[in-house]
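The values are calculated or read from the model by the stated rules, or taken from the named source; none is laboratory data. Just so we're clear, the structure is a prediction, and the values are computed from it rather than from any experiment. When we count neighbours, we look across all protein chains shown, and the Cβ atoms used for this are built from the backbone with ideal geometry, even at glycine.
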Amino acid sequence: MLLSRWRLQLGLLIAFTDVSHAAETIESVANALSPSSLPRHEMIAELEWFRDASHPFRNKTITVVTEDIPTHVWERDVLAQLFLRLTGIRVKYDIVGEGTVVENIFKQVSQGVHLYDIYVNDADHIGTHSRVQGVVNLSDYMRDEGKPFTNPYLDLDDFLNLQFGQDYDGNQLQLPDQQFANLYWFRYDWFSRKDIQTKFRTFTANKYGEENAYDLGVPVNFAAYEDIAEFFTNTPVDGKKVYGHTDFGKKSPSLGWRFTDAWLSIAGAGDSGLPNGSPVDEWGIRVKDRIPRGSSVKRGGATNGPAAVYALQTYIDWLNNYSPPDARQGTFRDASVSAAKGNVAQQIFLYTLWVNRDEYHQGEMINQVGQPVWRLAPTPHGRYWDQGMKVGYQDAGSWTIPKTTRGPRRAAAWLWAQFAVSKSAALSKFKAGGTPVRHSTLQSPSIQDNKQYWGGLIEFYQSNAINLWTDTGLNVPHYPLLFRTWWPNLDQAIDGKITPQQAMDNIARLQDRVMSELNLAKYSPQLNPVKTRDYWLSQPGSPKPFRAREAPKTLPYEKAIEIWQVKR
């Protein structure tokens, strides 16, 4: 009897200790992630749910692979450790180049070789996932098998651009983990100076005549961007040599992304219609009834049309004429900090995740009160761009679970993905990486009270503009195979070994060959019969016949960002 009573008391003591330890863990994780967009009691409730739901998977290890950007380094070094403390699930991270992520996931989904339990894979691949059918349909999973492991506080309506990860029928195949856009960046302090404004006005008067002179401001189109690039490249600022443009041109996969990340669309190659242009999208691929029909002009596509060739020629000219000498040897990582060196006036194509880096918030990049001297603004468009087209590009690295991840491993991986995008963690992650995924993050007082330090990024993400900057979308039927055709041919054009027309002809021809050989589970390509180039260029829409250079146009910064002041 005494022994039984002692055992009961010991059991109660152990239970009390476990509960006390669990409560202490919840508090410590909450403290580490504070401030959050959630009130404290709701944050505690969400963390308690993760602790309880993960109980069957304690001491399990899941494997994750992501591209190498600051957001994922923070997830690995900080968030995964908190998740382990909270749930007992260990997250083994591989952070690699994006090209390696792409190769791995499509080896896994197409060959059934299990490499990782879960990926952060760009939603640019949604067209491929919709056709290959090799990843978990998260909508189905949340309704059925995964329902006990789906966070009741997930709040899908709170996500930015949730649609990027949806198939044609609205099924969620990928869940956004981090997002960033390509926006125009410029030295607001230089553009605001009266002496520089006067010199620019004189420059345009000499170039176009006084009656066509115009003021320095945010360029609306490529013609104005080019004029500003020429002006600054040939006009010292405070006695210092500066450049009117910066970019990157090293032969590498990132050179291909420089173009497939909507450069052709920004130049105007595709059709009107959001999110990607219909029937011709920003890769120049014609699609009808969800079926890709061709990318070369002779099949009704626009990958080698006048607008695409103009896009490549313009890129090469600006790289050679207005960029720092080392730009041609750089990748997108080098270009990301090039503008922050203090000798660049503007950059048409800046991935906004990089403006969170220290380089953009120190030295010459800040004023006397610590605020940035630069601003972000809408992307200028090319001469073939028409009203109603997408305006720019957004990237959405998204949690993607291959079907080879099954049972408990799938549930544990899904718990981790949800924790990585939870309201409890989202604000801290945004501050660490500069890549938001939730509206509530941007609405939080700690962001709103400091949004001036982001140079316009917060206003962009809180406006209707996020619907005009879109990702690759559903029309690209096999991203890994089609993507390989781009950067080797672009590199040859940059080196002058082939012309821009030849480069785009090669890409269009190779894309058509790849698509003709695809045999996918759904919506496999069926190419249009060949017709003459003149036939397709005379049809309405894209591909578009030659257009002459447009008249340059600029706007004051306050006017240019009016679109970002229209709240979502």
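Sort through ALA327, ALA335, ALA339, ALA302 and tell me the only one that's within 26 Å of ASN506 (Cα to Cα) and buried (at least 24 other Cβ atoms within 10 Å of the Cβ). Spell out how you get there, then give the answer.
Working: ALA327 fails: buried (at least 24 other Cβ atoms within 10 Å of the Cβ); ALA335 fails: within 26 Å of ASN506 (Cα to Cα); ALA339 fails: within 26 Å of ASN506 (Cα to Cα).
After ruling out the rest, the residue left standing is ALA302.
Looking at THR128, THR66, THR71, which one is closer than 30 Å to PRO292 by Cα and in a helix (DSSP H, G or I)? If you could, list the steps in order and put the result at the bottom.
Numbers: THR66 fails: in a helix (DSSP H, G or I); THR71 fails: closer than 30 Å to PRO292 by Cα.
The unique qualifying residue is THR128.
Evaluate the following for PRO292: is it surrounded by fewer than 23 Cβ atoms within 10 Å (Cβ to Cβ) and either at pLDDT below 95 or on the phi < 0 side of the Ramachandran plot (or both)? Walk me through it before giving the result.
Values: surrounded by fewer than 23 Cβ atoms within 10 Å (Cβ to Cβ): no; either at pLDDT below 95 or on the phi < 0 side of the Ramachandran plot (or both): yes.
Answer is no for this residue.
This table checks each residue for (1) in contact with a strand residue (DSSP E or B) (Cβ under 8 Å, 6 or more places away or on another chain); (2) buried (at least 16 other Cβ atoms within 10 Å of the Cβ); (3) assigned to a helix (DSSP H, G or I).
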residue: GLN163; (1), (2), (3): no, yes, yes
residue: PHE180; (1), (2), (3): yes, yes, no
residue: ALA205; (1), (2), (3): no, no, yes
residue: GLU211; (1), (2), (3): no, no, yes
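Pull up the stretch 458-489, narrow it to residues that are in a helix (DSSP H, G or I) and free of Cβ contacts under 8 Å to residues at least 40 places away in the same chain, then point me to the one that is surrounded by the fewest Cβ atoms within 10 Å (Cβ to Cβ).
Within the stretch 458-489, the first condition is being in a helix (DSSP H, G or I), and the residues that meet it are 458-461, 464-467, 479-483, 486-489.
Pick out the ones that are also free of Cβ contacts under 8 Å to residues at least 40 places away in the same chain and you get 458, 481, 489.
Numbers: ILE458: 21, LEU481: 18, ASN489: 25.
Residue satisfying both the conditions and the ranking: LEU481.
Can you find even one residue in the stretch 401-411 that is in contact with a helix residue (DSSP H, G or I) (Cβ under 7 Å, 6 or more places away or on another chain), crowded, with 20+ Cβ neighbours inside 10 Å, modelled with pLDDT of 95 or more and not in a loop (DSSP other than H, G, I, E, B)?
yes
I'm trying to understand the selection: among the residues of the stretch 307-360, which are without any contact (Cβ under 8 Å) to a residue 12 or more places away in the chain and either part of a loop (DSSP other than H, G, I, E, B) or on the phi > 0 side of the Ramachandran plot (or both)?
none
Within the group ARG484, ARG438, which residue is closer than 25 Å to ASN121 by Cα, more than 17 Å from the chain's Cα centre (by Cα) and charged (D, E, K, R)?
ARG484
Kindly list the number of the only condition in (1) under 27 Å from ASP281 (Cα atoms); (2) surrounded by fewer than 24 Cβ atoms within 10 Å (Cβ to Cβ) that fails for SER444.
Answer for SER444: the failing condition is (1).
Taking the stretch 516-548, which residues are touching a helix residue (DSSP H, G or I) at 6+ places or on another chain (Cβ under 8 Å), outside any loop (DSSP other than H, G, I, E, B) and surrounded by fewer than 17 Cβ atoms within 10 Å (Cβ to Cβ)?
Once the filter is applied, which keeps residues that are touching a helix residue (DSSP H, G or I) at 6+ places or on another chain (Cβ under 8 Å), outside any loop (DSSP other than H, G, I, E, B) and surrounded by fewer than 17 Cβ atoms within 10 Å (Cβ to Cβ), the stretch 516-548 yields ARG533, LEU537.
Among the residues of the stretch 229-238, is any among the hydrophobic types (A, V, I, L, M, F, W, C) and either closer than 30 Å to ASP124 by Cβ or assigned by TED's automatic domain parsing to the domain that holds ASN137 (or both)?
Taking the stretch 229-238 first, the residues among the hydrophobic types (A, V, I, L, M, F, W, C) are 229, 231-232, 237.
From what's left, either closer than 30 Å to ASP124 by Cβ or assigned by TED's automatic domain parsing to the domain that holds ASN137 (or both): 229.
Among the residues of the stretch 229-238, at least one is among the hydrophobic types (A, V, I, L, M, F, W, C) and either closer than 30 Å to ASP124 by Cβ or assigned by TED's automatic domain parsing to the domain that holds ASN137 (or both), which makes the answer yes.
Report, by residue number, each residue of the stretch 81-117 that is out of contact with any Lys or Arg (no Cβ under 8 Å at 6 or more places or on another chain) and hydroxyl-bearing (Ser, Thr, Tyr). Please lay out each step first, then the result.
Just the residues of the stretch 81-117 that are out of contact with any Lys or Arg (no Cβ under 8 Å at 6 or more places or on another chain), to begin with: 81-83, 85, 92, 94, 96-108, 110-112, 114, 116.
Correct list: THR100, SER110, TYR116.
On the given criteria, is VAL101 crowded, with 22+ Cβ neighbours inside 10 Å and either in contact with a strand residue (DSSP E or B) (Cβ under 6 Å, 6 or more places away or on another chain) or charged (D, E, K, R) (or both)?
Values: crowded, with 22+ Cβ neighbours inside 10 Å: yes; either in contact with a strand residue (DSSP E or B) (Cβ under 6 Å, 6 or more places away or on another chain) or charged (D, E, K, R) (or both): yes.
So VAL101 fits the description; yes.
Quickly run through the stretch 216-259 and pick out the residues that are on the phi < 0 side of the Ramachandran plot, surrounded by fewer than 18 Cβ atoms within 10 Å (Cβ to Cβ) and of a type in the set (Asp, Glu).
Correct list: GLU230 only.
Out of (1) in the same structural domain as PHE83 (by TED's automatic domain parsing); (2) in contact (Cβ under 8 Å) with a residue 24 or more places away in the chain; (3) of a type in the set (Gly, Ala, Ser); (4) farther than 20 Å from PHE159 by Cα, the odd one out for ALA417 is which?
(4)
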